[in-house]
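Some notes on the structure that comes next.
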Amino acid sequence: MKFTPEIYKIADEPMVPFLDAEEIWDYINNAVATKESVREIIAKSLSKKRLNLEEVAVLLKADSPELIQEIKEGARTLKRNIYGNRIVLFAPLYIGNKCQNNCTYCGFRASNTEAVRKTLDDQEIVKEIEALEDNGQKRLILVYGEHAQYSPEYIAHTVKVAYSVRKGNGEIRRVNINAAPLDIEGFRIVKEAGIGTFQVFQETYHEEAYKTYHLRGKKADFKYRLTSLDRAQEAGLDDVGIGALFGLYDWRFEVMSLVRHTNHLEACYNVGPHTISFPRIKDASMLNMGDKYFVNDDDFAKLIAILRLAVPYTGMILTARESAQLRNELLQFGVSQIDGGTKIELGSYKEVKNQEQNLNKGQFRINDDRSLNEIIDELLEQEMLPSFCTSCYRQGRTGEHFMEFSVPGFIKRFCTPNAILTLAEYIEDYAPEHTAKKAWEVIEKNIDTVEEKIRPSILEKLEKIKKGERDLYY
C-alpha cells in the first residue's frame with residue numbers, strides 16, 4: 001500500500017525533523033471556510049480518504065454553530081461506519097515516577113521536591129496487575145518517568161512480568177508503553193518483549209513554545225523527541241502512538257501538527273500512528289504555568305471531531321483526565337478508546353477503593369473516578385459495545401498490515417466479533433447480575449450487525465465461553 005505525500009517545505013525523509021511552524025501557520029491563516037468547502041471536505045472523509053493539511057485548516061477555520069455541528073455529525077457518522085459502536089477499554093499502570101526532566105506542567109518534574117518518588121518492584125507490579133485482573137482488565141499501558149533507571153532492558157523486564165501474571169481467568173493480553181524516547185537498539189529491545197503500541201507524545205509541536213516548558217533533561221531536545229517514532233520504525237516497531245498535550249500552545253497548531261506527523265509516518269514508512277491522544281492540561285503538583293492556551297470544552301469537542309475526520313483509520317484515546325459527563329459526550333465524535341477504573345498514584349490499584357487523590361504521588365489529577373464496571377454499565381446504557389480485544393496485535397495486524405485492514409474500513413469485520421467475545425468473557429467472569437443482563441442484550445443486537453456468514457461461528461464461540469473456554473478471537 002502506497003501513500004502519496006503532500007509537498008512540504010521540509011521534505012519527508014526518515015529520521016529528519018519534518019515540521020515547519022511557518023508553513024503550519026500559513027495553512028491556518030490562509031484557510032477560508034464556506035458551507036460548500038466544509039461539506040465537500042466532510043464528504044471526502046466519509047469516503048474514508050485522508051484529509052490534507054489545507055482541508056484540515058478549513059475545518060479549523062469553520063466557526064459558525066451550523067458548520068461546527070456538521071463537522072461533529074460527520075465525525076459521528078464516520079466513527080459509526082468504521083468502528084461501529086465499540087469502545088476499547090484499558091487501564092494505565094504507573095511503574096515509576098523518577099524523572100530527570102523538568103517540565104513545568106508535570107508533577108513528575110525533577111524540581112518538584114514534594115513529589116514522593118517510587119518505583120514498583122516486581123512483587124508490587126504483580127499485586128497491582130492481580131488487582132487489575134480482578135476487575136476484568138485485559139489491556140494495560142505501562143507508564144514510566146523519564147529516568148536512566150527505566151532503561152529499555154528494565155521496560156522489557158516489566159513487560160514480561162505483566163504478561164506472566166495470572167489470577168483466576170484473568171490475564172493481560174496486551175501491554176502498551178508510554179515512556180521516554182529510545183534509540184533504535186532500545187526500541188528493538190522493548191519490541192522483543194512483545195509490547196503492543198509504544199506511545200511518545202510531543203507535548204507541543206511548536207519548537208519555541210516547547211523550549212519554555214522543557215527546562216532540562218534529555219526531553220529538552222525538541223528534534224530528538226520529534227523523530228523518536230522514526231527510530232521506532234527503523235527498529236521494526238511499527239505500532240506507535242502520537243499525541244499532544246493541549247494547553248501548551250494554540251490548539252489549532254497542535255491539531256495541524258498531529259496530522260503533519262501522521263503524514264510524515266505514512267510517507268516514510270507506509271504506516272501511520274495506531275493511536276492519537278489529546279490530553280488536556282489539568283492540575284498537577286506544583287503546577288506553575290499560565291492558562292493562555294487552555295482549551296475549553298467546545299473547542300475540545302471540535303478538535304476531536306476534526307481529528308476523526310482527518311485520520312479515519314486511527315484509534316483515538318480520551319483519558320480519565322476528563323469528567324465522566326464530557327467523556328460520554330465525546331465518545332460520539334470520534335473517540336474509540338478510554339481508560340476505566342483509573343488510578344495514577346504508584347501502587348494504588350491494590351489499595352482501598354475511593355482513596356483520596358494525592359497530587360504529590362500522581363502526575364496529574366483525574367476527573368473520572370468511575371470503576372471499570374460503572375463505565376461498562378454506562379456504555380451499555382448508551383448501546384455502546386465495550387471491548388477488551390487484542391487480536392490485531394496478536395495476529396500480526398499491526399503496522400502496514402493494520403493499514404491494509406483499517407484504512408478501507410474493513411477492521412470492523414474483526415473488531416465487532418472480537419468485542420462481542422471479550423465482553424462475553426467479562427460477563428461470565430466479573431460482571432454483576434444487572435450489568436450481565438444489559439450486556440447480553442447488547443451482544444444480541446450487535447450479532448445482528450455482523451456479516452451473516454460469521455454469525456454461526458460467533459454463536460458457537462459464545463457457547464464455548466459460557467462453558468469455560470477463554471481467549472477465542474478472529
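The values are calculated or read from the model by the stated rules, or taken from the named source; none is laboratory data. These figures come from a predicted structure and were not determined experimentally. Cβ placement follows ideal geometry from the backbone for every residue including glycine, while neighbour counts extend to all protein chains displayed.
Things worth noting here:
- Of the residues making up the stretch 11-26, those that are assigned to a helix (DSSP H, G or I) and under 10 Å from residue 260 (Cβ atoms) are 23, 24.
- Under the condition of being in contact (Cβ under 8 Å) with a residue 12 or more places away in the chain, more than 21 Å from residue 7 (Cβ to Cβ) and under 22 Å from the mean Cα position of the chain (by Cα), the residues counted in the stretch 47-81 number 10.
- Test: residue in the stretch 114-128 that is of a type in the set (A, V, I, L, M, F, W, C), in a helix (DSSP H, G or I) and assigned by TED's automatic domain parsing to the domain that holds residue 387: yes
- So residue 148, is it surrounded by fewer than 17 Cβ atoms within 10 Å (Cβ to Cβ) and not in a helix (DSSP H, G or I): yes
- Qualifying residue in the stretch 87-110 (condition: part of a helix (DSSP H, G or I) and either touching a Ser or Thr at 6+ places or on another chain (Cβ under 8 Å) or under 21 Å from residue 312 (Cα atoms) (or both)): no
- Candidates 86, 76, 50 - the one that is modelled with pLDDT of 95 or more, of a type outside the set (A, V, I, L, M) and under 23 Å from residue 413 (Cβ atoms): 76
- Residues (touching a helix residue (DSSP H, G or I) at 6+ places or on another chain (Cβ under 7 Å) and farther than 29 Å from residue 271 by Cα) located in the stretch 299-328: 326, 328
- Whichever residue in the stretch 27-73 is in a helix (DSSP H, G or I) and of a type in the set (Lys, Arg) and, among such residues, is farthest from residue 256 (Cα to Cα): 35
- Residue in the stretch 233-245 that is under 22 Å from residue 22 (Cβ atoms), outside any loop (DSSP other than H, G, I, E, B) and in contact (Cβ under 8 Å) with a residue 12 or more places away in the chain present: yes
- Any pair with Cβ under 6 angstrom, 6 or more apart, that starts in the stretch 209-222 at a residue that is closer than 16 Å to residue 19 by Cβ and ends at one that is of a type in the set (S, T, N, Q) and surrounded by 15 or more Cβ atoms within 10 Å (Cβ to Cβ): 210/204
- Cβ pairs under 7 Å, 6+ apart, first in the stretch 331-350 and assigned by TED's automatic domain parsing to the domain that holds residue 309 and under 27 Å from residue 307 (Cβ atoms), second part of a loop (DSSP other than H, G, I, E, B) and among the small types (Gly, Ala, Ser): 339/320; 341/371; 342/320; 344/362
- Meets criteria (in contact with a strand residue (DSSP E or B) (Cβ under 7 Å, 6 or more places away or on another chain) and over 24 Å from residue 140 (Cβ atoms)) for residue 206: no
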